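The values are calculated or read from the model by the stated rules, or taken from the named source; none is laboratory data. Bear in mind the structure is a predicted one, so any value in this text is a computation, not a measurement. Cβ atoms come from the backbone with ideal geometry, glycine included; neighbour counts cover every protein chain shown.
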Amino acid sequence: MTTGVERVPTGAATAPAFDAERVRADFPLLGRSMRGKSLVYLDNAATSQKPRHVIDAIHRFYETLNANVHRGVYQLSEEATTAYEWGRAMVARYLNAPSPAEVVFVRGATEGINLVASAFGRSRLEAGDEVLVTAMEHHSNIVPWQLVCEERGAKLRVLPMDTRGALVLDHLPGLLTKRTKIVAVVHVSNSLGTINDVQTIITAAHERGIPVLVDGAQAAPHGPVDVQALDCDFYAVSGHKMFGPTGIGALYGKRALLEALPPYQGGGEMIASVTFEKTTYAPLPMKFEAGTPNIEGAVGLGAAVDYLRGLDWTAVATHERDLLAYAESRLREIPGVRLIGTAPTKASVVSFVLEGVHPHDIGTIADQDGVAIRTGHHCTQPVMDFFGVPATARASFTFYNTRDDVDRLAASVWKARELFGA
């Protein structure tokens, strides 16, 4: 098991050690043409493409297993329940959770964070308490905490970062006080690619008895995560970023904490008994899964994990580091390009601006060339404010991308410079 993404400094490009062309054949959409050119998909941090293994699993579910889960005594319902719980068991294995009961299905990392913010905030936060986040959080790990802080009279505090896009961990001890009730930190920044030393943050917080939630939406797609090794209290992931369907994700939580928190939502499925006087709740994880769940999503996410577990993650890490180093090198060749996010440990995400050219214009030119990249603030407006830019262009790579994809991107940026630049 790994802790999600290998913490290796970026450096000189090395020869690829992964057969990306073979893997690409597993992803039907990558064979599409776009505007008369072969598609280059470089928006993996927003959502990843889906392998045939996942597509077929969802198709089979609706063709042979479709029934509601947990409630029926008939065989079809029992088979659907088995498939649904198989998905949970696969996620638990990928995260190295002690038990599938500690894995709650949610709509994505956003809902997982909202679940913790709401349930923890209602039961643990009081006026004057503090919640510590970092300067590079996605809005999904800022806004839920702001909402609960406003409701409870608590305060949001922020661990700063430096101009490379690395957290200033020297400030951490001074921000962890008797008033700090929880720390919420992103494992890998979606807009900078920074791989945060969450282990150090968790250890420092636990020394003071403070629980830690980790936003793992961008880390889990880059390799299995070991929540027991990290010793995090909560870990949230999104299925669609790790090659599964949209509308499904998972929240890992330590059993004792999940059992102590109140339910996030009420309804069917999550109850043990209901009277007009009192309701008692089902055991974990059902306590947090009100209503009919996203059954096909759980099956598809299980299939995605099954696919990911078949990859050689040492070779994948080498390949993705090579793509990152090569992309940064090619972009630096272009006059006027400024990389945003140059931390010493990064995942395969490159954000950049081009002097005199709006990122949206870069994205439009790239699209005309069949290259899909993301432009905007990437739901990290405080990050953009820190670097003094309204937006960036972002290329995010995964194991099915190649150096040829990088070359296509670089050619589009050169073209944008010629058309719009100084």
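Of all the listed residues (GLY121, GLY108, GLY193), the sole one being surrounded by 18 or more Cβ atoms within 10 Å (Cβ to Cβ), over 28 Å from GLY223 (Cα atoms) and touching a strand residue (DSSP E or B) at 6+ places or on another chain (Cβ under 9 Å) is GLY121. Entry remark, the range 278-337: residues being aliphatic (A, V, I, L, M) and touching a helix residue (DSSP H, G or I) at 6+ places or on another chain (Cβ under 6 Å) number 11 in total.
Exactly one residue out of ARG332, ARG338, ARG321 is in the same structural domain as TYR400 (by TED's automatic domain parsing), surrounded by 18 or more Cβ atoms within 10 Å (Cβ to Cβ) and of a type in the set (D, E, K, R), and it is ARG321. Among the criteria (1) surrounded by fewer than 22 Cβ atoms within 10 Å (Cβ to Cβ); (2) of a type in the set (Asp, Glu); (3) within 30 Å of ALA393 (Cβ to Cβ), the one GLU126 does not fulfil is (3). The set of residues from the range 244-301 being basic (Lys, Arg) and surrounded by fewer than 16 Cβ atoms within 10 Å (Cβ to Cβ) comprises ARG255, LYS278. For the range 249-298, a tally of residues being closer than 21 Å to LEU213 by Cβ and of a type in the set (D, E, K, R) returns 5.
On the stretch given as the range 257-294, residues that are part of a helix (DSSP H, G or I) and farther than 19 Å from ARG93 by Cα total 5.
Taking the criterion of being among the charged types (D, E, K, R) and either within 22 Å of MET161 (Cβ to Cβ) or modelled with pLDDT under 95 (or both), the residues of the range 325-367 that qualify are GLU328, ARG332, ARG338, LYS346. Taken as a whole, the structure places ILE373 among residues that are in contact with an Asp or Glu (Cβ under 7 Å, 6 or more places away or on another chain), aliphatic (A, V, I, L, M) and buried (at least 20 other Cβ atoms within 10 Å of the Cβ). If you filter the range 1-56 down to residues that are touching a Phe, Trp or Tyr at 6+ places or on another chain (Cβ under 7 Å), among the small types (Gly, Ala, Ser) and modelled with pLDDT of 50 or more, you find that the one that is surrounded by the fewest Cβ atoms within 10 Å (Cβ to Cβ) is ALA20. Of all residues in the range 359-370, those satisfying the criterion of being touching a strand residue (DSSP E or B) at 6+ places or on another chain (Cβ under 8 Å) and either assigned by TED's automatic domain parsing to the domain that holds ALA135 or surrounded by fewer than 23 Cβ atoms within 10 Å (Cβ to Cβ) (or both) are HIS360, GLY363, ASP367, ASP369, GLY370.
When you look at ALA343, is it of a type in the set (Gly, Ala, Ser) and either more than 23 Å from ALA20 (Cα to Cα) or touching a Gly at 6+ places or on another chain (Cβ under 9 Å) (or both), yes or no? Yes.
Using the structure shown, decide if GLY153 is of a type outside the set (A, V, I, L, M), surrounded by fewer than 19 Cβ atoms within 10 Å (Cβ to Cβ) and out of contact with any helix residue (DSSP H, G or I) (no Cβ under 8 Å at 6 or more places or on another chain). Criteria met by GLY153.
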